[in-house]
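These notes concern the structure reproduced below.
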Amino acid sequence: MRNRGQLIFGGLLIVFGLLALFETVFRIDLGAIFWPLLLIAVGLLLLLRPRFAPPGSEVWFRLFGGVRRYGAWQVHNEEVWMFIGDVQLDLNQAELPPGESVFQVSGFIGDIDLKIPANTAISVHSNGVITAARWFGAKQDHFLTPATYASPGYDQAECKLKLITNFFITDLKAI
């Protein structure tokens with residue numbers, strides 16, 4: 001089964017390709033209607049806002065800005081929608097509940113910074129057209145492919161965090 005984020009980005013690429021083809025074949029200036037269509041799409045997204053995180057998740061919408069979690073904080077299921085923003089998660093003093101907690105972030109351009117202690121079970125799946133990922137000193141650049149990381153023993157861990165990001169352009173750092 002394919003990841004929902006891959007399906008969404010793949011669908012968007014197909015739509016943009018079809019629009020470009022339509023513009024070329026019929027010689028219509030779609031650039032003039034692109035911004036109104038984008039505003040309509042954002043409005044529909046705000047009204048219909050699909051949920052990807054598990055039921056009971058907190059859902060946040062931020063046009064600009066970010067999410068910062070540090071110090072002693074309680075990890076729980078969250079879903080964040082943003083246009084441009086950054087996410088900073090410091091898990092050094094975080095309290096993970098038993099089971100798997102899902103933190104889902106979606107947007108256009110995102111900067112993700114993670115501070116992960118050695119004993120914390122975390123899985124990261126980052127979908128995007130362009131993703132620059134740095135995992136504990138190793139650098140990976142991805143184009144149209146997801147960046148993934150799972151800490152050793154993630155599947156067997158009692159308390160774990162699953163981070164899913166869906167951005168057009170992502171800069172992901174984990175230390």
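The values are calculated or read from the model by the stated rules, or taken from the named source; none is laboratory data. This one's a predicted model, so the numbers in the text were calculated from it and none came from an experiment. Positions of Cβ are backbone-derived with ideal geometry, glycine not excepted, and every protein chain shown enters the neighbour counts.
Pairs are defined by a Cβ separation below 6 Å, a sequence spacing of at least 6 or placement on different chains, a first member in segment 23-46 that is free of Cβ contacts under 8 Å to residues at least 24 places away in the same chain, and a second member that is in a loop (DSSP other than H, G, I, E, B); the pairs so defined are Glu23/Leu30.
Just so you know, in segment 20-35 the residues that are assigned to a helix (DSSP H, G or I) and at pLDDT 80 or above include one that is nearest to Ser126 (Cα to Cα), and it is Ala20.
Sub-9 Å Cβ pairs linking a first residue in segment 142-161 that is closer than 17 Å to Asn77 by Cβ to a second residue that is aromatic (Phe, Trp, Tyr), at least 6 apart or interchain, are Lys160/Tyr154; Leu161/Phe103, ordered by first then second residue. Restricting attention to segment 54-94, the residues that are in a strand (DSSP E or B) and touching a Cys at 6+ places or on another chain (Cβ under 9 Å) add up to 0. So, Ile164, is that one touching a residue at least 40 places away in the same chain (Cβ under 8 Å) and farther than 17 Å from Trp60 by Cβ or not? No: the conditions fail for Ile164.
Scoring Ala157 on the criteria (1) under 11 Å from the mean Cα position of the chain (by Cα); (2) within 19 Å of Asn92 (Cβ to Cβ) leaves a single failure, condition (1).
From the set of residues in segment 86-106 that are more than 17 Å from Pro117 (Cβ to Cβ) and of a type in the set (A, V, I, L, M), which is surrounded by the fewest Cβ atoms within 10 Å (Cβ to Cβ)?
Going through the qualifying residues, I end up with Val102.
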